[in-house]
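Below is one structure; the comments refer to it alone.
The values are calculated or read from the model by the stated rules, or taken from the named source; none is laboratory data. All figures in this text were calculated on a predicted structure; none of them were measured in a lab. Note: ideal-geometry Cβ built from the backbone for every residue, glycine included; neighbour counts use all protein chains shown. The accessibility values were calculated without ligands, DNA or RNA, using every heavy atom of the protein model including side chains. Shrake-Rupley method; radii C 1.70, N 1.55, O 1.52, S 1.80 Å.
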Amino acid sequence: MAQDAVPEAGPLPPAMADVLAAVEASHDPRALDALVQYLQHAHPEAQAAISAWALRRSVLVWLAEPVPLARREVKVELPLEGPEPLQPDLFALPVKWSGEGELGAFVSTGSAPGSGFVGRLTVIAEKGRWRVATSGRIDYQKTSDEVTRNQIRLTLEPNYKFDDHGYVFGLGQYERDRFQGFIDRYSLSAGLGYNLLEGDGRKLSIKAGPALRVTQPVEGPQEQTLSAVALADLKVRLTPTLNYSQEVSTYFDAVRRTYYTLAALDSRLSSKLKARLSYTLQHEAGSGVARTLTDTTSRLTLLYGF
């Protein structure tokens, strides 16, 4: 049996085209589909032209409309506690500088009694978790035109804070004090530190580690020893204008033992100026010490912060 020939799509009759255009203008797709189906059923002779018009319209509509994208609302909840956010690039962080200068007079007892002057300068640089503190101090005393005290103390201390309380530190120190029994002394140490108290006007930090000390005594050969060092730093705010602080350091080895402490009471005079009353005790003992060496120094000084 021969198949029926499919009629070619001819032009759409003008009246039918007008009706389709009017319904299309109403932007009602259901009404337009119903009209196309009705016209195809009622006018089989124009079925090919109607189908061609409907196909052509579908293609144009598909090309004109943007591709619909599925919208999904994503809610991200950040944990209240979790890993610390990534730190910015260390080289991009600014360096925070601070420091303090001290100048005044003192009265001492012990191996070199008398009076004199003291000067100290401390500079601190902080960047990210790094902190580097440098300090230099000189005590000079002259009695009856004779120098009876000429003490120099220089320190360099870098440290890196690895969490809220703990840090690693390094400490380099140079000292000169003939009245304590040595001409030059170099100390190099490193170790771990921990902040036991921090906040509410109180801070207590302790640190310890091994140390290498090279000492040139006033009398005798040079000494090079491996020591242990323990240090503590306490700061307490007593009133809004009155602070107490104390530094303690202890070195001990098979040859020498050194104990040093500085206690200070600071009274704020202005935003950057303070008056300080301090007391220093330094004790040297050991096989290389010719005599008992325990010096105490009381100071009344002015401090300027920057």
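Evaluate the following for residue 11: is it more than 30 Å from residue 129 (Cβ to Cβ) and at pLDDT 70 or above?
Yes: the conditions hold for residue 11.
Of the residues that make up segment 197-216, is at least one acidic (Asp, Glu), at pLDDT below 95 and either farther than 20 Å from residue 295 by Cα or open to solvent by 60 Å² or more (accessible area, probe 1.4 Å) (or both)?
Going through segment 197-216, the residues acidic (Asp, Glu) turn out to be 198, 200.
Retained after the next criterion (residues that are at pLDDT below 95): 198, 200.
Next, only the ones that are either farther than 20 Å from residue 295 by Cα or open to solvent by 60 Å² or more (accessible area, probe 1.4 Å) (or both) stay: 198, 200.
Yes: one or more hits.
Hey, does segment 47-61 have a residue that's in contact with a helix residue (DSSP H, G or I) (Cβ under 8 Å, 6 or more places away or on another chain), among the charged types (D, E, K, R) and modelled with pLDDT under 75?
yes
Among the residues of segment 219-235, what is the count of those that are of a type outside the set (Gly, Ala, Ser), part of a strand (DSSP E or B) and surrounded by fewer than 15 Cβ atoms within 10 Å (Cβ to Cβ)?
2
Could you list, in sequence order, the residues of segment 121-136 that are in a strand (DSSP E or B) and surrounded by fewer than 17 Cβ atoms within 10 Å (Cβ to Cβ)?
If we filter segment 121-136 for residues that are in a strand (DSSP E or B), which is where we start, we get 121-127, 130-136.
Listed by number, the residues that qualify are 121, 123, 124, 125, 126, 127, 130, 132, 134, 136.
Check segment 112-121 and report whether any residue there is within 23 Å of residue 192 (Cβ to Cβ), out of contact with any helix residue (DSSP H, G or I) (no Cβ under 7 Å at 6 or more places or on another chain) and at pLDDT 95 or above.
no
Looking at segment 155-163, can you tell me whether even one residue there is touching a His at 6+ places or on another chain (Cβ under 8 Å) and open to solvent by 50 Å² or more (accessible area, probe 1.4 Å)?
Scanning segment 155-163, I find no residue that is touching a His at 6+ places or on another chain (Cβ under 8 Å) and open to solvent by 50 Å² or more (accessible area, probe 1.4 Å), so the answer is no.
Going by the conditions given, is residue 299 modelled with pLDDT of 90 or more, surrounded by 15 or more Cβ atoms within 10 Å (Cβ to Cβ) and closer than 18 Å to residue 118 by Cα?
So residue 299 does not fit the description; no.
All but one of (1) more than 16 Å from residue 282 (Cα to Cα); (2) in a strand (DSSP E or B) hold for residue 149; state the number of the condition that does not hold.
Just one mismatch for residue 149, condition (1).
In this structure, is residue 180 open to solvent by less than 70 Å² (accessible area, probe 1.4 Å), closer than 18 Å to residue 250 by Cα and at pLDDT below 90? Please lay out each step first, then the result.
Working: open to solvent by less than 70 Å² (accessible area, probe 1.4 Å): yes; closer than 18 Å to residue 250 by Cα: yes; at pLDDT below 90: yes.
Here the answer is yes, as residue 180 does meet what is asked.
I need the full set of residues from segment 110-120 which are part of a strand (DSSP E or B) and either in contact with a His (Cβ under 7 Å, 6 or more places away or on another chain) or surrounded by fewer than 15 Cβ atoms within 10 Å (Cβ to Cβ) (or both), in order please.
Within segment 110-120, 115, 119 meet the criteria.
So, residue 244, is that one touching a residue at least 40 places away in the same chain (Cβ under 8 Å), more than 24 Å from the chain's Cα centre (by Cα), assigned to a strand (DSSP E or B) and closer than 25 Å to residue 161 by Cα or not?
no
Please state which one of 225, 239, 280 is more than 21 Å from residue 204 (Cα to Cα) and not hydrophobic (A, V, I, L, M, F, W, C).
One residue alone meets the criteria, 225.
Within segment 136-166, how many residues turn out to be of a type in the set (Phe, Trp, Tyr), modelled with pLDDT under 95 and over 15 Å from residue 296 (Cα atoms)?
Residues flagged as of a type in the set (Phe, Trp, Tyr), modelled with pLDDT under 95 and over 15 Å from residue 296 (Cα atoms) within segment 136-166 amount to 1.
From (1) more than 30 Å from residue 11 (Cβ to Cβ); (2) at pLDDT 75 or above; (3) surrounded by 10 or more Cβ atoms within 10 Å (Cβ to Cβ), pick out the condition that doesn't hold for residue 90.
Unmet for residue 90, out of (1) more than 30 Å from residue 11 (Cβ to Cβ); (2) at pLDDT 75 or above; (3) surrounded by 10 or more Cβ atoms within 10 Å (Cβ to Cβ): (2).
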